[in-house]
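Asker: Pasting in a structure now, in structure tokens, and then I'll have a few things to ask.
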Amino acid sequence: MTTYLVESNVAAPIQLLGMSYYFVPETKEMAESLGLNVFQFYGLGRGGVLGDVDHADVAEAFFFFHDNAIELLWTKAKTKANPLEIAPAHLEAAYQYAERTFQNVPEATLRAYADAARLVIDAVPGGRYALFDGYRQAPVPTSAVRAAYLATILLRELRGGVHIDSVKAVELSAAAACFSTNEMIFKMHGYSDDDAPVATEDLTDTMARAEHMTTSQMAVYLEVLSPEQLRAFEDGVVAMAEAQAGGAS
């Protein structure tokens, strides 16, 4: 049940939902009001949940990015702003996006999802996934829509952390994993054609093993939920995804 749920209805929507505020016009406007471009805002905002750390710490947490991208998103961006101040502003941009996008989703649906998701989040041991742990330090909002969206960001970071572990376990490089996932993502993460691996059946099979490991571990984390809570979890993700799709149409 939980493996099916992760694979079918929630994994891809959570991935999209949790990142959808990054580069929208309103987030860009907030970035500019802070003297940053939207990419610097992303780097300092997302990385800032780790604290005022050095390049190597962010490179490890942003495992799938080329080091040159980390230089631009973090190291150079830090000369313009303090990540400890940018991180809460970036989260506020997320909350404002949620309020615009999910305003017509019933509050009860969002609350039930947020409560179920929080059970999953709170059950994950600390010290395993850096970005997840960073976002987990944020206070849980009283607003249902904000609580639901924070939970979604956390679940996205949780899966990301699990996936990093899985890719390492099957001994794939970050570049190979990005390339195998999506060539556009490969380029967006700072890689060039010179970094591209040779596409082989073995590479495809190895990436499939990493994906399976990721899904299996996420299913384990969802096992803290009862059948009723799982339904609330799924209903919330589906409702937010539908609201987002409706807004984009």
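Asker: Cβ-Cβ under 6 Å, sequence separation 6+ or interchain: first residue in the range 191-213 and in contact (Cβ under 8 Å) with a residue 12 or more places away in the chain and polar (S, T, N, Q), partner outside any helix (DSSP H, G or I) and surrounded by 10 or more Cβ atoms within 10 Å (Cβ to Cβ). Which pairs?
Answerer: Once the first residue is in contact (Cβ under 8 Å) with a residue 12 or more places away in the chain and polar (S, T, N, Q) and sits in the range 191-213, its partners that are outside any helix (DSSP H, G or I) and surrounded by 10 or more Cβ atoms within 10 Å (Cβ to Cβ) give THR206/VAL170; THR206/LEU172.
Asker: Check THR152, THR101, THR206 and return the single one that is surrounded by fewer than 20 Cβ atoms within 10 Å (Cβ to Cβ), in contact with a helix residue (DSSP H, G or I) (Cβ under 9 Å, 6 or more places away or on another chain) and of a type in the set (S, T, N, Q).
Answerer: THR206
Asker: Right, something else. Across the range 15-38, which residue is surrounded by the fewest Cβ atoms within 10 Å (Cβ to Cβ) among those that are of a type in the set (Gly, Ala, Ser), assigned to a helix (DSSP H, G or I) and more than 16 Å from the chain's Cα centre (by Cα)?
Answerer: SER33
Asker: Any chance you could count how many residues in the range 179-191 are over 17 Å from GLU71 (Cβ atoms) and buried (at least 20 other Cβ atoms within 10 Å of the Cβ)?
Answerer: Of the residues in that region, 3 qualify.
Asker: Also, quick follow-up: Restricting to the range 164-185, give me the number of residues that are under 15 Å from PHE62 (Cβ atoms) and either among the basic types (Lys, Arg) or in contact with an Asp or Glu (Cβ under 8 Å, 6 or more places away or on another chain) (or both).
Answerer: The qualifying residues number 2.
Asker: Further, regarding this structure: Which fully enclosed helices (runs of 4 or more DSSP H) of the range 102-172 have 3 or more residues being more than 18 Å from the chain's Cα centre (by Cα) and modelled with pLDDT of 95 or more?
Answerer: Per the criteria, 107-123, 144-169.
Asker: In the set PHE41, PHE65, which member is touching a His at 6+ places or on another chain (Cβ under 8 Å) and in a loop (DSSP other than H, G, I, E, B)?
Answerer: PHE65
Asker: Go through (1) modelled with pLDDT of 90 or more; (2) touching an Asp or Glu at 6+ places or on another chain (Cβ under 9 Å); (3) of a type outside the set (Lys, Arg) and name the single condition ALA196 misses.
Answerer: The failed condition is (1).
Asker: Output the number of residues of the range 68-86 satisfying the condition of being outside any helix (DSSP H, G or I), closer than 19 Å to THR27 by Cβ and not small (Gly, Ala, Ser).
Answerer: The qualifying residues number 2.
The values are calculated or read from the model by the stated rules, or taken from the named source; none is laboratory data. Values in this document were obtained by computation on a predicted structure and should not be read as measured data. Virtual Cβ from ideal backbone geometry, glycine too; neighbours counted across all protein chains shown.
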